[in-house]
1. Could you work out how much longer the chain between Q93 and V79 gets when fully extended? Use 0.36 nm per residue separation minus the Cα distance between them, nm to one decimal.
2. Over its Cα atoms, what ratio of radius of gyration to 2.2 N^0.38 Å does the range 36-106 give?
3. Between V115 and S37, with labels modelled 7 Å along Cα→Cβ, what's the label distance in nm to one decimal, could you check?
4. If you put +1 on each Lys and Arg Cβ and -1 on each Asp and Glu Cβ, how big is the dipole of the chain around its Cα centre, in Debye rounded to 20?
5. GluC sites (Glu not before Pro) within the range 30-110: which are DSSP loop residues with at most 15 other Cβ atoms inside 10 Å?
6. So for the chain, if I pair up every lysine 8 or more residues apart or on another chain, how many of those pairs have alpha-carbons under 25 Å apart?
7. Roll a 1.4 angstrom probe over the protein heavy atoms and tell me the percent of accessible area of the chain that is carbon or sulfur.
8. Based on the alpha-carbon gyration tensor of the range 83-126 and its eigenvalue square roots a ≥ b ≥ c, which shape applies: rounded if a/c is under 1.5, prolate if not and a/b is larger than b/c, or oblate?
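The values are calculated or read from the model by the stated rules, or taken from the named source; none is laboratory data. Remember, it's a predicted structure, so these values are computed and weren't measured experimentally. Note: ideal-geometry Cβ built from the backbone for every residue, glycine included; neighbour counts use all protein chains shown. Quick note on the areas: whole protein, heavy atoms, side chains included, nothing else; ligands and nucleic acids left out. Shrake-Rupley method; radii C 1.70, N 1.55, O 1.52, S 1.80 Å.
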Amino acid sequence: LTGNDSEAAICIMTSDDTHSKTAQLLESSSYFGLDASSVTLMKQEKVCSLADDSAKLVIEETNGGFYEIGTKPHGHGDVHSLLHGTGLIPIWQQKGIRHIFFFQDTNGLVFNALVPTLGVSKSERL
């Protein structure tokens, strides 16, 4: 990013397992030099967990000897509904942000494509 009016908006999708630790890390690290208002945490909800390919539900025993359906974070596909539900896209549009780059923690190599992808998008007015 170059220029005085450039701002990187960061959105991090978390889960029940990672949300508070991520927030604490950002706060204790002063958001790694970013303006705290440019960082948004979105916590994904949990969904029923499947035990196998035949779509059997995971059943877990509780401490009281009862049973409940096991759950897990919704997953990467939840990012779109969370962006919509938080109202983040209109906020980014209002700030003049025109490009969004998605990456997942399971694909670290994607960083090699970040700069070229943004460069082509800008030069081609995409």
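1. On the way: separation 14, 0.36 × 14 = 5.04 nm, distance 1.74 nm.
Once the chain is fully extended between Q93 and V79, it gains 3.3 nm.
2. Working: Rg = 17.5 Å, N = 71, 2.2 N^0.38 = 11.1 Å.
Its radius of gyration relative to the 2.2 N^0.38 Å reference: 1.57.
3. The two pseudo-label positions are separated by 3.0 nm.
4. Dipole size: approximately 520 debye.
5. Values: sites: E45, E60, E61, E68; in loops: E45.
Sparse-neighbourhood loop GluC sites (Glu not before Pro): E45.
6. Step by step, the pairs that qualify in the chain add up to 9.
7. On the way: 5160 of 9560 Å².
Of the solvent-accessible surface of the chain, carbon and sulfur hold 54 percent.
8. Values: a/c = 3.71, a/b = 1.25, b/c = 2.97.
The shape class here is oblate.
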